[in-house]
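Take a look at the structure below.
The values are calculated or read from the model by the stated rules, or taken from the named source; none is laboratory data. Treat the numbers as computed from the prediction; the structure is a model and nothing was measured. Positions of Cβ are backbone-derived with ideal geometry, glycine not excepted, and every protein chain shown enters the neighbour counts. Keep in mind that these areas ignore ligands, DNA and RNA; they rest on the heavy atoms of the full protein, side chains included. Shrake-Rupley method; radii C 1.70, N 1.55, O 1.52, S 1.80 Å.
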Amino acid sequence: MKDKYSILNEVKVNIDEYEEVKFDNNDNIKQRMKKKLRNRKPSYRNAIAVASAVILGSSVMLNENVWAHVQSIWYTIDEVFSLKKEEVKDYTYNIDKTVEDKNIKILFKSIMLDDGKLIIDANIDDTKFNPFEDLTQKQQKDWSVDKWGNKETRVSLGADSTEIYVDGVKRTYFNNSAPNSNDKNDDKTTDVLIEQSIEAIESDKDEHYLEKVNENQFPNNIDINKMYNFKIKINKLHIVESEYTDEESKTGEGSYGAVVEGDWSVDVSIKGEDLINASTNYEINKDIDLELDDRKINVSVDNISISPVYLGLDYSYINEDGYSIEFKVFNDKGEEYRWVSIQSDSYIGKIDKANFEMKLINSYKDTKYIKLVPTIIHYQKGKTLVFEDKSIEIEINK
């Protein structure tokens, strides 16, 4: 399945060039967007810039539903996790261990197991880091420290910064993305939330080949009496200039920073009974037929996993160019969940095995059931078909 938004990755947009739509909180929206554009990595800035063009350049007044959807652009996993503190507290395991290297401290606060992923809550303190002292002369030259070393900086992690070992075996990631981090706290430290899949290991025959763990292996099967040994290893941090001027934002200049390599590792042993999987898996195993023009499309809906943070749906269908199958998801109150991504796990011939993943902004605690509504999005014809009569309801047992 092709990512229909990938074509937007390199779009460069200056939001000040677009005609503004006059509605009550336009100034607030624009300021929030500018802040995101300045502070985020380039790919994130491009995505928000495109959204900015759509919102601020449109001549259509936004209603509440559209604005609610637009706001979801700004929800990252750390923001969702923060909103869900009460709902996830029974699933988190406290670590509270601090490690230090290169004058940078990382406090590992807690971890949570959710549908094959470890969610690690951490805090990075780089207040004592001095690039003129803690980087070598060669590194200072390579990273142009003289141009940004005296400016305010922020610290973040990259997609390859973190490694997870379970009982000494490295767990490799699928479709891993860079961890989310908030802006700096009042004490100048940075909160970071790391998502790392632990469902795959490197093959004994080929280090570039990944093998997905089977149903009898951790985390698919947890022995409540076993002590599981985890090593969480962070091997590099990114130090980047925190704020750019408006002119630098337009030209792309002034974006400086460095990669700081080190060893921020923590070991923790957790008994299986304390590794509560936040996700509950529900087998669906249902085929539905959808009609598109004069043909039928069969969709096999396999299973769904639901937690306070995520909803993941596995399904497959025969892939034809020009359309994709997606699902609208509603709770028993009629509230629609906001999707995060739709990604392909495997592609064999024309069979598209899709994983539909959402962050649950809506409350999960009191939800009694959810409804899945299949949808065909036809890009060539520019239309969306919603099949309410083919909806699937799943009762939630918590």
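Could you list, in sequence order, the residues of segment 74-126 that are aliphatic (A, V, I, L, M) and open to solvent by 60 Å² or more (accessible area, probe 1.4 Å)?
Step one: filter segment 74-126 for residues aliphatic (A, V, I, L, M), giving 77, 80, 83, 88, 95, 99, 104, 106-107, 111-113, 118-120, 122, 124.
Leu83, the sole residue that qualifies.
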When you look at Asp134, is it farther than 22 Å from Asp263 by Cα, modelled with pLDDT of 90 or more and open to solvent by 20 Å² or more (accessible area, probe 1.4 Å), yes or no?
-> no
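Please state which one of Ser249, Ser265 is modelled with pLDDT under 95 and buried (at least 16 other Cβ atoms within 10 Å of the Cβ).
Working: Ser265 fails: modelled with pLDDT under 95.
Just a single option satisfies the conditions, and that option is Ser249.
Can you find, within segment 137-157, the residue that is most open to solvent (accessible area, probe 1.4 Å) among those that are of a type in the set (Val, Ile, Thr) and not in a helix (DSSP H, G or I)?
Residues of segment 137-157 that are of a type in the set (Val, Ile, Thr), as a first pass: 145, 153, 155.
Next cut, not in a helix (DSSP H, G or I) only: 153, 155.
Working: Thr153: 24, Val155: 1 Å².
Among those residues, the one meeting the criterion is Thr153.
Here is a list: Asp389, Asp302. Which entry is open to solvent by less than 40 Å² (accessible area, probe 1.4 Å), of a type in the set (D, E, K, R) and at pLDDT 85 or above?
Numbers: Asp389 fails: open to solvent by less than 40 Å² (accessible area, probe 1.4 Å).
Just a single option satisfies the conditions, and that option is Asp302.
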Show the residue pairs that are 6+ apart or on different chains and have beta-carbon atoms under 7 Å apart, the first residue being within segment 133-159 and over 27 Å from Ile120 (Cβ atoms), the second being among the charged types (D, E, K, R) and surrounded by 12 or more Cβ atoms within 10 Å (Cβ to Cβ).
-> Trp148/Glu241; Lys151/Glu241
Those residues that are modelled with pLDDT of 85 or more, surrounded by fewer than 14 Cβ atoms within 10 Å (Cβ to Cβ) and of a type in the set (Asp, Glu), I need them from segment 189-233; list them, please.
-> Asp223
Name every residue in segment 362-376 that is crowded, with 17+ Cβ neighbours inside 10 Å and in contact (Cβ under 8 Å) with a residue 60 or more places away in the chain, in order of residue number.
-> Tyr364, Ile370, Leu372, Pro374, Ile376
